[in-house]
Amino acid sequence: MTITLIFLAVIMATLIFWLLRQTLNMQPWVSDPEADAVSGMSLKSNAQTIGLTTFLAVATSMFALFASAYTLRMTMPDWSPMNEPAVLWVNTGFLVFASIAYQWTSSVALKKNAKQIRLGLIIAGIFSILFLVGQYSAWQQLIDKGMYLNTNPSIAFFYVLTAMHGLHLLGGLYVWGRSVIRVSKDTDIE
């Protein structure tokens, strides 16, 4: 529990430091285009950047709260560790490969190579979908063993955490789908 609280404190301290660093010396009523050009920072932020930053802060906080609740719940006397399905290791591999593919796609996007961007997005999407299929398979394996949501607190946490992760990934796949459509339509990458 102490390690989890320290981890959460470090995350919060980092977030607060970043927010203060971004806003402490800003004077929005004074705009100097020359200073903005030199510093590389402008007070203008687009809605997508603000929305994405807010979403990531909320998602990180939510998963941190789940991790904290999980850690606290493990100390209760009725807690019984579950045997995770082996498919979760394969799933971890899918997630790692999807992350690598997304990162590679991000780097080739800077070069504005539409063909490589499409390829990277397709590969990343395939691994992401395989991850979701693997999560569903893990649930089916637990159900086949008679392990339901109300069987044990550890199993309930497993279902809730994997469901939240799946929803998070579905949201990402929605954005992925829009990106694939946009890249497929455009021959000129911005």
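The values are calculated or read from the model by the stated rules, or taken from the named source; none is laboratory data. The structure displayed is predicted, hence computed values, not measured ones. In this analysis, Cβ positions are derived from the backbone assuming ideal geometry, glycine residues included, and neighbour counts consider all displayed protein chains.
A few comments on the model shown:
- Evaluation of residue 59 against the conditions (1) closer than 22 Å to residue 174 by Cβ; (2) without any contact (Cβ under 8 Å) to a residue 60 or more places away in the chain shows that the sole unmet condition is (2).
- Qualifying residue in the stretch 78-88 (condition: surrounded by 13 or more Cβ atoms within 10 Å (Cβ to Cβ) and small (Gly, Ala, Ser)): no
- Long-range neighbours under 9 Å by Cβ, at least six apart or interchain, first residue farther than 12 Å from residue 117 by Cα within the stretch 167-185, second among the aromatic types (Phe, Trp, Tyr) and modelled with pLDDT under 90: 168/63; 171/55
- Residue match in the stretch 30-42 (condition: modelled with pLDDT of 80 or more and outside the structural domain of residue 165 (by TED's automatic domain parsing)): no
- Residues in the stretch 114-165 that are assigned to a helix (DSSP H, G or I) and charged (D, E, K, R): 115, 118, 144.
- Of all the listed residues (146, 177), the sole one being at positive phi and out of contact with any helix residue (DSSP H, G or I) (no Cβ under 7 Å at 6 or more places or on another chain) is 146.
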